[in-house]
Amino acid sequence: MAGGGSPMVDGGLGVEEEDGDLVNERSAVVVVATYKRPDHVRTCLEHIRQQTRKPQRIVVVDASPDILTEAVVAEFPEVDYRRNDLGIGTLAASRAIGVQGATEDIIAFIDDDAYAEPQWLAEILRAFETPGVGAVGGRADNNRPEEEREGWDRIGRFLPNGTLTGNFGADPGRIVETDHMLGANMSVSSNALRAIGGIHDYYPGTCLREDSDLALRVKLAGYRVVFAPRAVVLHVAGEYAKGKRFDLRYRFYAARNHVLLLTTVLGWRDPHLLRHIARVLRMAVREVWEGVTGTVAKPTARAKVRRLGGGMARAGADLVGTCVGLGASLKPNDRAHSASSEWKAS
């Protein structure tokens, strides 16, 4: 895993060109996982239709309890509609359902609220021409000023203290090696996915870390994971089905799912786990301390209570989430093993 500077991938991708057009014989299927976002799905599919390199198939996997998304997909006769009856909080299961029966060389995953630029799939396939690449992540444009410069030299890193960097909106100017990917815009070769035994469905709630699980396991299996900045999607960040982005529920599942990622992918004896737990404890103490000291500047008793309560709530979400994640690591996950076995059998 990358702890220092990520090496640049050789710009010579070994891709034949004819009259300036990419010649690539790899086949691809695009899988769109969705939950109660029919309007987003329509826009997402419209953008996939406009690709300069067409996929062999498009699959939409719908975990919604209603038929609104199914009606939207019916407007696109070339799209395969599938159901995920497990419902909310099962994004990884939707991805596993989407890859069942896949015979294509490359499986590209895109979220329903991510709208691909016309060259998106062509750039993904170009990145797979680099020797040893098993997974490719693309850039997520969040429409924030200067985001293409934010952390451009620290994209998708797995750090020695067990944390992960993001910065998937950055543009380093060329393909770079990474450790993990953003699920809104990621792809994997069929060979790599078979080698790691399929998709793990260990990550409920907000489903955080299901994408990192896939990438880290691909890398541990000996493949390269890279970030292709020209494979761009506009990530509009649709509303969460439950709760809000970065609320206490989000924070709880971030802590729970992250520690589960470390225990299941790397194992209990890996030093990243102990360093991460130590970091969580330090952060919890800091949150409480800042809550206590921050009350001094607050003019009213109500404001003081809110400041203190906020610090304790954040610390509690981190600590409880970590403990729940450690407990979950000790129990088998039948749904996850089912998702993996179904891919092996396909």
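The values are calculated or read from the model by the stated rules, or taken from the named source; none is laboratory data. Owing to the predicted nature of the structure, the values given are computational and were not obtained by experimental measurement. We place every Cβ from the backbone using ideal geometry, glycine too, and count neighbours over all the protein chains shown. Surface areas here come from the heavy atoms of the whole protein model, side chains and all, with no ligands, DNA or RNA. Shrake-Rupley method; radii C 1.70, N 1.55, O 1.52, S 1.80 Å.
Just need the Rg to Rh number for the range 161-239, please, alpha carbons only, Kirkwood Rh. With Rh from the inverse mean 1/r over Cα pairs, Rg/Rh is 0.95. Entry note, the range 44-203: relative contact order of 27 percent, from Cα contacts under 8 Å with a spacing of 6+ residues.
Which of the peptides 51-60, 134-143 is most tightly packed, and how do the rest follow, going by the mean number of other Cβ atoms within 10 Å of each residue? If you can, show how the numbers build up before the last one.
On the way: 51-60: 19.0, 134-143: 23.3.
So the order, starting with the most tightly packed, is 134-143, 51-60.
Restricted to Cα atoms, the range 192-282 shows a radius of gyration and a Dmax of 15.1, 39 angstrom.
For the ranges 218-228, 102-112, what's the packing order if you count other beta-carbon atoms within 10 Å of each residue, average per peptide, and put the highest first? Write down the numbers at each step before the final one.
Details: 218-228: 20.5, 102-112: 22.1.
Result, highest mean Cβ count within 10 Å first: 102-112, 218-228.
Projection of the Cα convex hull of the range 99-207, averaged over all directions and equal to a quarter of that hull's surface, yields 8.4 nm². Accessible surface for the range 175-216, divided over its residues, is 19 Å² per residue with a 1.4 Å probe. Computed extension gain for K54 through E146, at 0.36 nm per residue and net of the alpha carbon distance, reaches 30.0 nm. In a fully extended conformation the segment linking L68 and R26 would gain 11.8 nm over its present Cα-Cα distance, using 0.36 nm per residue.
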